[in-house]
Amino acid sequence: MEATIITIMALLFLSFVALGVYVTVKVAKAAKRGVDRTIDQARRTVEDTTLRAKSFGQAGAAGELARLRLSLRTSMRATQEALQAGVGEDASLKESLDLFHRLSAHGLELDSDLKRLEREPDRAWVAGQLPELAARTERITGSADALRRAARERALKFAEDDLSSLSAQIDVEAGALRHWTAPDATPGTARAAGTGAADAAAADGWGEPARPARETGPAAGGEPSAITAPDPRRTAYPWEKSARPETTT
């Protein structure tokens, strides 16, 4: 029994040690990748700054070589970032990203050639190579720009279509919210609807209670006002003087 417990404890200890080693290796690799990424980014920043300074500060072949390298690196980096950012949302960009990887091989080769020519002492020979190098740079950057712009236009088109569909759905919903059924235009229905509306308004507290209509006619013990004129003695107007009482002699 004691041997079994010791064996189990030893296995648990070894498991914890192996887990600790695995976690330590993973953390070390992640930290190394982060450091390498930071170093690469810093190196690219320094190189771009140096090339920009050379393109503005130096004339002749050296300045032209720096300008070509800066244009190539800027275009390729922008296209890579655009495609990598969009492939997560649009799977059809995977083929475009594969084409860009093939184009990157030509771009890296051209960048190496330009960088090597920067150290070439024969400036006259370098100047003779500039037209061909400029044409290669234009072809590669043109292809990269075409991929990047097509990816952006595709993303904008999808966003516009989604917005149009959403606007149409909102219009339909807004129309449904504004829809109500009007009552029939028959006298009995209209009267009942009017009475019901008045009662509802009174019940909601937004209107006064409906007053019952005063009955007229023989059933009410009176005469219709449309036939018999009202008694002037029972009708008083604010602009009339009060009648004088009759005197008896």
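Tabulated results
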{"read-out": "For the stretch 155-172, 3J(HN,Hα) per residue [Karplus equation, 6.51 cos²θ - 1.76 cosθ + 1.60, θ = phi - 60°, Hz, x = Gly/Pro]", "value": "5, 5, 5, 5, 5, 5, 5, 5, 5, 5, 5, 5, 5, 5, 5, 5, 4, 5"}
{"read-out": "Heavy-atom accessible surface of the stretch 1-153: percent carbon and sulfur, 1.4 Å", "value": "61 percent"}
{"read-out": "Average accessible surface area per residue within the stretch 1-79, 1.4 Å rolling probe, Å²", "value": "72 Å²"}
{"read-out": "Label-point separation in nm, H179 to M9, each point 7 Å along Cα→Cβ", "value": "7.7 nm"}
{"read-out": "Cβ crowding within 10 Å averaged over residues, with 27-33, 48-54 ranked highest first", "value": "48-54, 27-33"}
{"read-out": "Karplus-derived 3J(HN,Hα), 6.51/-1.76/1.60, for each residue of the stretch 113-125, Hz, glycine and proline x", "value": "5, 5, 5, 5, 6, 5, 9, 6, x, 7, 5, 5, 5"}
{"read-out": "Ordering of 79-90, 156-167, 95-106 by packing [mean C-beta count within 10 Å, highest first]", "value": "79-90, 95-106, 156-167"}
{"read-out": "Entries of K32/K94; K32/K54; K26/K94 with Cα pairs more than 31 Å apart", "value": "K32/K54"}
{"read-out": "Estimated FRET transfer efficiency when R0 is 22 angstrom, pair F56-R123 (beta carbons, to 0.05)", "value": "0.70"}
{"read-out": "Neighbourhood charge, 10 Å Cβ-Cβ cut-off, centred on R67 and excluding it, Lys, Arg +1 and Asp, Glu -1", "value": "+2"}
{"read-out": "The stretch 39-80 - Kirkwood radius from inverse mean 1/r over Cα pairs (Å)", "value": "10.5 Å"}
{"read-out": "Summed residue charge, Cβ within 13 Å of Q58's Cβ, Lys/Arg positive, Asp/Glu negative", "value": "+3"}
{"read-out": "Formal net charge of residues neighbouring F158 (Cβ-Cβ distance under 9 Å; K, R +1; D, E -1)", "value": "-3"}
{"read-out": "Ordering of 58-67, 122-131 by packing [mean C-beta count within 10 Å, highest first]", "value": "58-67, 122-131"}
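The values are calculated or read from the model by the stated rules, or taken from the named source; none is laboratory data. Quick caveat: nothing in here was measured; it's all calculated off a predicted structure. Here the Cβ is made from the backbone with ideal geometry for all residues, glycine too, and neighbour counts use every protein chain on show. To get the accessible areas, we keep the full protein, side chains included, count just its heavy atoms, and leave off ligands, DNA and RNA. Shrake-Rupley method; radii C 1.70, N 1.55, O 1.52, S 1.80 Å.
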